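Encoded as structure tokens, the structure appears first; notes follow it.
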Amino acid sequence: MRRARAAGLALVLAAPVAFAGELDGKYDIVLSGADGTDLALGQLTIADDRIAVAMSEKPFSNHFLSMRPFRCMDLERQMWCHLPYPYEKPASVTADDLRSLEYEFLFIHRSATDYGIDAWNGLYFSLSTENENISGMVREVDLNILASPPEDGVIWPITKDELHDSEPDRHQFNQLRFVRQ
């Protein structure tokens with residue numbers, strides 16, 4: 001009986017190690033629209049829970065907006081510009097904490113007739129895992145919060161309170177998916 005308890009305790013203590021790297025692998029990065037259209041953005045590699053994102057050249061093009069360079073996608077109804085997170089952050093994820101990956105995919109949207117770009121029009125994808133894939137729906141956020149560095153000790157300045165649901169048909173793409181290869 002004592003051996004059985006010791007073996008059971010050893011399994012319980014070893015359980016977290018068994019799940020280390022559970023997201024490891026290569027993924028295709030895809031934006032999906034409610035109308036069924038998909039747009040490939042690149043590839044994600046996760047190794048030992050560390051992320052490496054390789055964005056495709058297309059569909060992006062270079063733009064100089066509001067006195068700085070952006071990589072943007074000219075979509076049917078809007079332009080989406082990628083906003084690289086400008087501060088230090090961890091480059092690792094777990095099934096329960098995908099924030100490093102969420103912060104890799106910050107966008108600012110604008111209409112084709114707008115002049116410049118306004119961080120008020122931020123887009124954020126709240127990610128979660130299901131089966132072997134990672135996905136999330138688009139949320140709206142004021143990315144002006146990133147205009148200055150976060151306070152000491154704050155790694156993730158964008159909180160759930162700052163995220164807002166988007167109207168279903170406001171954006172051509174409403175989901176970001178990472179599909180395991």
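Numbers below:
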quantity	calculated
Matching option when the condition is in contact with an Asp or Glu (Cβ under 7 Å, 6 or more places away or on another chain) and not aliphatic (A, V, I, L, M), among SER56, SER128, SER92	SER92
Given (1) without any contact (Cβ under 8 Å) to a residue 12 or more places away in the chain; (2) buried (at least 17 other Cβ atoms within 10 Å of the Cβ), number of the condition LEU106 does not satisfy	(1)
Sole residue being under 20 Å from ALA34 (Cβ atoms) and free of Cβ contacts under 8 Å to residues at least 40 places away in the same chain, chosen from GLU167, GLU162, GLU151	GLU167
Members of the range 89-143 that are of a type in the set (A, V, I, L, M, F, W, C) and more than 16 Å from the chain's Cα centre (by Cα)	ALA112, ILE117, ALA119, TRP120
GLU140, sole failed condition from (1) more than 25 Å from ARG68 (Cα to Cα); (2) modelled with pLDDT of 95 or more	(1)
Selected residue (criterion: modelled with the highest pLDDT) from residues of the range 51-79 that are of a type in the set (Lys, Arg) and surrounded by fewer than 12 Cβ atoms within 10 Å (Cβ to Cβ)	LYS58
Any hit, the range 99-117, residues being in contact with an Asp or Glu (Cβ under 6 Å, 6 or more places away or on another chain) and modelled with pLDDT of 95 or more	no
Residues (of a type outside the set (Phe, Trp, Tyr), in contact (Cβ under 8 Å) with a residue 60 or more places away in the chain and either crowded, with 16+ Cβ neighbours inside 10 Å or in contact with a strand residue (DSSP E or B) (Cβ under 8 Å, 6 or more places away or on another chain) (or both)) located in the range 80-93	LEU83, VAL93
Matching strands (runs of 3 or more DSSP E) fully within the range 68-181 where at least 1 residues are within 16 Å of ILE29 (Cβ to Cβ) and either in contact with a Leu (Cβ under 6 Å, 6 or more places away or on another chain) or among the aromatic types (Phe, Trp, Tyr) (or both)	79-82, 107-110, 122-130, 133-141, 175-180
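The values are calculated or read from the model by the stated rules, or taken from the named source; none is laboratory data. None of the values given here were measured: they were computed from a predicted structure. So basically every Cβ, Gly included, is an ideal-geometry build from the backbone, and we count neighbours across all protein chains shown.
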